[in-house]
Amino acid sequence: MNIDPRMLKELLRMQLLYKTNILSDKSSGAGNDESEFSELLNDLLSQNTDNSMFNRAASVPVTQTALKPSGLSPLFASASSYRTGTTAGSLQAAELDPLIQEAGRRHQVQPSLVKAVIDAESSFNSKAVSQAGAKGLMQLMDATGKSVGVNDPFDPVQNVQGGTKYLSNLLKKYDGNQGVALAAYNAGSGRIDRLGIANDNDLAAKMSQLPKETQAYVAKVMNLQRSYEG
């Protein structure tokens, strides 16, 4: 039997996609892929080399589950290294909104800022744990959490209340300069104080002396806050 090289190439591609999909997620509609694969195989055996076969092979979708890594643990190394997905994050944000609103009112912090910090820190994952040991929605270190009355950092109520209180303390410490407070939230107030950063003008002048993660974090939270206000 003479096999058109193009046909063989498409057959191999289909087989690879099918096996990848099965291994990555057995519930992701793999039956449809199997049907397409079988049809393509039958076409090959019958030496049907018309263009419609190649069109069908090209139209088989590569599902998201076939490409995404599996078995990842929810470790959070930096503000940009942990995301749960926009749709899931938005749903969880809506569910947490009453808690965020209440914490913001209690500690006199804009709810949009609290929500932005939660989004940047954990993408609304209450079980997130960083490589450094920060935990929960607002990624509180154990010592920080205890200083603001948090006994269970994985409890959303305690974590949001404690994290918002800590953020409020930083805003008061730096006279409402939000950029400085956010930099201190990420890098620690000790580092901010050692650099002599007391207000947002100081922060702008000395931003390059802060870790790149902190620079990105401040910009990210501010952008997220604007989006939530909008």
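Yes/no per residue for (1) out of contact with any Leu (no Cβ under 9 Å at 6 or more places or on another chain); (2) not basic (Lys, Arg):
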position	(1), (2)
Ser112	no, yes
Ile118	no, yes
Ala132	yes, yes
Pro153	no, yes
Gly162	no, yes
Lys165	yes, no
Asp175	yes, yes
Tyr185	no, yes
Q) When region 205-219 is examined, which residues are found to be in contact (Cβ under 8 Å) with a residue 24 or more places away in the chain and either among the small types (Gly, Ala, Ser) or open to solvent by 50 Å² or more (accessible area, probe 1.4 Å) (or both)? A) Glu213, Ala216
Q. Which pairs do you get when a residue that is under 13 Å from Ser126 (Cβ atoms), found in region 92-109, comes within reach of a residue that is modelled with pLDDT of 95 or more and assigned to a helix (DSSP H, G or I), reach meaning Cβ atoms under 6 angstrom, with the pair 6+ apart or on two chains?
A. Leu99/Val160; Ile100/Pro111; Ile100/Val114; Ile100/Lys115
Q: Please tell me if Ala120 is out of contact with any Lys or Arg (no Cβ under 6 Å at 6 or more places or on another chain), small (Gly, Ala, Ser) and either assigned to a helix (DSSP H, G or I) or open to solvent by less than 30 Å² (accessible area, probe 1.4 Å) (or both).
A: no
Q: Filter region 126-182 down to residues that are open to solvent by 10 Å² or more (accessible area, probe 1.4 Å), closer than 20 Å to Glu95 by Cα, assigned to a loop (DSSP other than H, G, I, E, B) and touching a helix residue (DSSP H, G or I) at 6+ places or on another chain (Cβ under 8 Å), then give me how many there are.
A: 4
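The values are calculated or read from the model by the stated rules, or taken from the named source; none is laboratory data. This structure is a prediction, so every number in the text was calculated from the model and none was measured. So basically every Cβ, Gly included, is an ideal-geometry build from the backbone, and we count neighbours across all protein chains shown. Keep in mind that these areas ignore ligands, DNA and RNA; they rest on the heavy atoms of the full protein, side chains included. Shrake-Rupley method; radii C 1.70, N 1.55, O 1.52, S 1.80 Å.
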